[in-house]
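Only one structure is covered here, and it is reproduced in the block below.
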Amino acid sequence: MPGRPHRPMRPLWLCRRCGAPWPCGPARLALLVEYQGNRAALLLHLADLRREAVEQLTVLNPSSPPGDLRNRFLSWVRAPR
Ligand SMILES: [Zn+2]
């Protein structure tokens, strides 16, 4: 598929391609495909990114910290069936 990948724009953590808060829908799908069969590695990867996002967003806007972003970064990774 042509076009730029859906990657996060730091330190805003918005998608470079579609502008949605990252990980946007297409980014989530791409990650699920990339880490297919390796959910544990995907969760570790996302946990690292979440920490980074929380730090950067807090620096960016100290009066309105982003919360723990757990839903945004982790809740959509489903357990394997
Ligand atoms: Zn996107």
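The values are calculated or read from the model by the stated rules, or taken from the named source; none is laboratory data. Quick caveat, the model's predicted, so the values are computed rather than measured. Neighbour counts run over all protein chains shown; Cβ positions are idealised from the backbone, glycine included.
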### Conditions (1) assigned to a loop (DSSP other than H, G, I, E, B); (2) touching an Asp or Glu at 6+ places or on another chain (Cβ under 7 Å); number of the one not met by VAL77
(2)
### Query
If you check LEU46 against the conditions, is it part of a helix (DSSP H, G or I) and either within 16 Å of the ligand (Cβ to nearest atom) or over 12 Å from the mean Cα position of the chain (by Cα) (or both)?
yes
## Note on the structure
Flagged in the stretch 13-26 as hydrophobic (A, V, I, L, M, F, W, C), crowded, with 16+ Cβ neighbours inside 10 Å and either over 9 Å from the mean Cα position of the chain (by Cα) or more than 14 Å from LEU46 (Cα to Cα) (or both), in numbering order, are CYS15
### Test: LEU74 is surrounded by fewer than 17 Cβ atoms within 10 Å (Cβ to Cβ), of a type in the set (A, V, I, L, M, F, W, C), in contact with a Leu (Cβ under 7 Å, 6 or more places away or on another chain) and at pLDDT 95 or above
yes
### Query
For the stretch 51-81, which residues satisfy the criterion of being within 22 Å of ARG39 (Cα to Cα) and not hydrophobic (A, V, I, L, M, F, W, C)?
ARG51, GLU52, ASP68, ARG70, ASN71, ARG72, SER75, ARG78, PRO80, ARG81
### Task
For the stretch 1-26, name all the residues that are in a loop (DSSP other than H, G, I, E, B), closer than 25 Å to PRO65 by Cα and more than 9 Å from the ligand (Cβ to nearest atom).
ARG10, PRO11, LEU12, TRP13
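Yes/no matrix, rows are residues, columns are (1) touching a Gly at 6+ places or on another chain (Cβ under 7 Å); (2) in a helix (DSSP H, G or I); (3) of a type in the set (S, T, N, Q); (4) surrounded by 13 or more Cβ atoms within 10 Å (Cβ to Cβ):
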| site | (1), (2), (3), (4) |
| --- | --- |
| ARG28 | no, yes, no, yes |
| GLY37 | no, no, no, no |
| LEU42 | no, yes, no, yes |
| ARG50 | no, yes, no, yes |
| LEU57 | no, yes, no, yes |
| SER64 | no, no, yes, no |
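Table: residues versus (1) out of contact with any Cys (no Cβ under 9 Å at 6 or more places or on another chain); (2) at pLDDT 95 or above.
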{"site": "HIS6", "(1), (2)": "no, yes"}
{"site": "PRO11", "(1), (2)": "yes, yes"}
{"site": "PRO21", "(1), (2)": "no, yes"}
{"site": "LEU31", "(1), (2)": "yes, yes"}
{"site": "GLY37", "(1), (2)": "yes, no"}
{"site": "ALA41", "(1), (2)": "yes, yes"}
